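> Please find one structure pasted underneath; my questions will follow.
The values are calculated or read from the model by the stated rules, or taken from the named source; none is laboratory data. Note that the structure is predicted; figures quoted are calculated from it, not measured. Counting neighbours? That spans all protein chains shown, and the Cβs are built from the backbone with ideal geometry, glycine included.
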Amino acid sequence: MGLLVGAWVARYLGPSQYGELAYVMAFVAFFQTICHLGLDGIAIRDMAREKKSSPAILGTVLRLRLTTGLICWFAAVAGMAMFRPGDIHTLILTSIIAGSLIFQAADTIDLWFQSQTQSKRTVFSKTVSYIIASGLKVWLIVAKAPLILFALVSLIELALSAIALMIAYLQFPAPFRWAWDVRWAKKLLHESWPYIVSGLAIIVYMRIDQIMLREMIGLRELGFFTAALPLSSTWYFIPMMISQSIGPAIALKKKTDPIGYEKSITQLFSLMWWTMLPLSAGIALFSQPIVALLYGPAYRASGTVLAIHVFANIPVALGVSQSIWIVNEGKNRIALYKTVIGAISNVLMNLLLIPKFGAIGAASATVLGQFISAVLSNSFLAPEIFKKQIRSITGWK
């Protein structure tokens, strides 16, 4: 539904307006990462270890996120004002979309649900808000509404999600009252900063190409690039699904069968290669008719962008597979180093390729940056994994 509604919105707005909306959302995404503060995993872990501290943990996380959300909203608006002085329309869009940063604090309720294995309540709440927001977008298209109302819908979706989460919490409340605790605030923030840095690095190489396209080429090229993203990145769920399914079995082999464990890692890489390579090639082959069907002739250039960008699925899959090895080996720093390397590589590639090739250059930079992060960086960060990744497709020993 998201793919179809998104394509309809892009088709209605046209490449330039759709590019402007994508630009603001990419800009705000950097602040969204900060607002989460990297606390999810830490808070859930600590609540499991110290159940008596759950009221202080939840209350502290909520206040930290509310405060950070307000600060980040102001920072996003001020940053856009400095970044694009005199561009009042973009500033208004930013002030609306960045309002969602405050409502993100409601996701703290999900931490309670996760700790009680009640995540279905979060899924239901977010699904309802997403369906309503999608319906509003369709209504806006039919009513021939201006761009600013589509930005408003993105804010409404987060607000509805927050309300739905609060209603769900009233039906399944915690048996205590949430409370603020300065000691827990210091402890949580002290441990979470590496996750914030890692999250920002991920956002850089996932979103910076859109910012750079807008600044270096223009909104139209950004519209072409953004239109191709859902069609190529939709398939990221496949390696996630595979890894989540067989990850526990590989973790068990780590303890019981070391040789089988090493073999399983290589086999997992091979499975990723020969699942994502044919899939990417097939989509690339039919990229033009797919884009023409969903977006119309105005987005013809998005077909070439899709044909290139879709091959990022391969390094993404290899990176997801390696995360199983990283967790089992306890080498979390490697994940951070690879993320930073990917971010730097993507920025440098974009600087080199966007001026000459526009959206096509940005797509190429994404693929190259992902390969550097997921594969080539292993040649010095984790040589044994680099050999497995190469051997899994070539059969070299």
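> Can you name the residue in the stretch 341-397 that is among the charged types (D, E, K, R) and part of a helix (DSSP H, G or I) and, of all such residues, is farthest from residue 309 (Cα to Cα)?
By that ranking, first place goes to 384.
> Exactly one condition in (1) surrounded by fewer than 19 Cβ atoms within 10 Å (Cβ to Cβ); (2) touching a helix residue (DSSP H, G or I) at 6+ places or on another chain (Cβ under 9 Å); (3) on the phi > 0 side of the Ramachandran plot is not met by residue 86; state its number.
Of everything listed in (1) surrounded by fewer than 19 Cβ atoms within 10 Å (Cβ to Cβ); (2) touching a helix residue (DSSP H, G or I) at 6+ places or on another chain (Cβ under 9 Å); (3) on the phi > 0 side of the Ramachandran plot, residue 86 misses just condition (2).
> Same structure again: (1) in contact with a helix residue (DSSP H, G or I) (Cβ under 8 Å, 6 or more places away or on another chain); (2) closer than 18 Å to residue 154 by Cα; (3) not small (Gly, Ala, Ser): which one isn't true of residue 127, the others all being true?
(1)
> Please tell me if residue 230 is part of a helix (DSSP H, G or I) and out of contact with any strand residue (DSSP E or B) (no Cβ under 6 Å at 6 or more places or on another chain).
Criteria met by residue 230.
Yes/no matrix, rows are residues, columns are (1) in the same structural domain as residue 130 (by TED's automatic domain parsing); (2) among the polar types (S, T, N, Q); (3) under 19 Å from residue 31 (Cα atoms); (4) crowded, with 20+ Cβ neighbours inside 10 Å:
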{"site": "151", "(1), (2), (3), (4)": "yes, no, yes, yes"}
{"site": "159", "(1), (2), (3), (4)": "yes, no, yes, no"}
{"site": "179", "(1), (2), (3), (4)": "yes, no, no, no"}
{"site": "197", "(1), (2), (3), (4)": "yes, no, yes, no"}
{"site": "200", "(1), (2), (3), (4)": "yes, no, yes, no"}
{"site": "204", "(1), (2), (3), (4)": "yes, no, yes, yes"}
{"site": "230", "(1), (2), (3), (4)": "no, no, no, no"}
{"site": "234", "(1), (2), (3), (4)": "no, yes, no, no"}
{"site": "242", "(1), (2), (3), (4)": "no, no, no, no"}
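> I'm checking my understanding of the structure. Among residues of the stretch 181-190 that are more than 17 Å from residue 31 (Cα to Cα) and surrounded by 15 or more Cβ atoms within 10 Å (Cβ to Cβ), which one is modelled with the lowest pLDDT?
181
> Determine, yes or no, whether residue 289 is closer than 24 Å to residue 389 by Cα and assigned to a helix (DSSP H, G or I).
no
> Which condition number in (1) farther than 17 Å from residue 199 by Cβ; (2) crowded, with 22+ Cβ neighbours inside 10 Å; (3) not β-branched (Val, Ile, Thr) is the one that residue 72 fails?
(1)
> Restricting attention to the stretch 346-397, and to residues there that are within 27 Å of residue 329 (Cβ to Cβ) and touching a Leu at 6+ places or on another chain (Cβ under 7 Å), which single residue is surrounded by the most Cβ atoms within 10 Å (Cβ to Cβ)?
389
> Going by the structure shown, is residue 193 out of contact with any Pro (no Cβ under 9 Å at 6 or more places or on another chain), exposed (fewer than 14 other Cβ atoms within 10 Å of the Cβ), in a helix (DSSP H, G or I) and at pLDDT 90 or above?
no
> Can you name the residue in the stretch 36-54 that is outside any helix (DSSP H, G or I) and of a type in the set (A, V, I, L, M) and is also surrounded by the most Cβ atoms within 10 Å (Cβ to Cβ) among such residues?
39
> While we're on this one: Are there any pairs, at least 6 apart or on different chains, whose C-beta atoms fall under 9 Å, with the first in the stretch 203-214 and farther than 15 Å from residue 358 by Cα and in contact (Cβ under 8 Å) with a residue 60 or more places away in the chain and the second part of a helix (DSSP H, G or I) and among the aromatic types (Phe, Trp, Tyr), and if so, which?
203/30; 204/30; 207/27; 207/30
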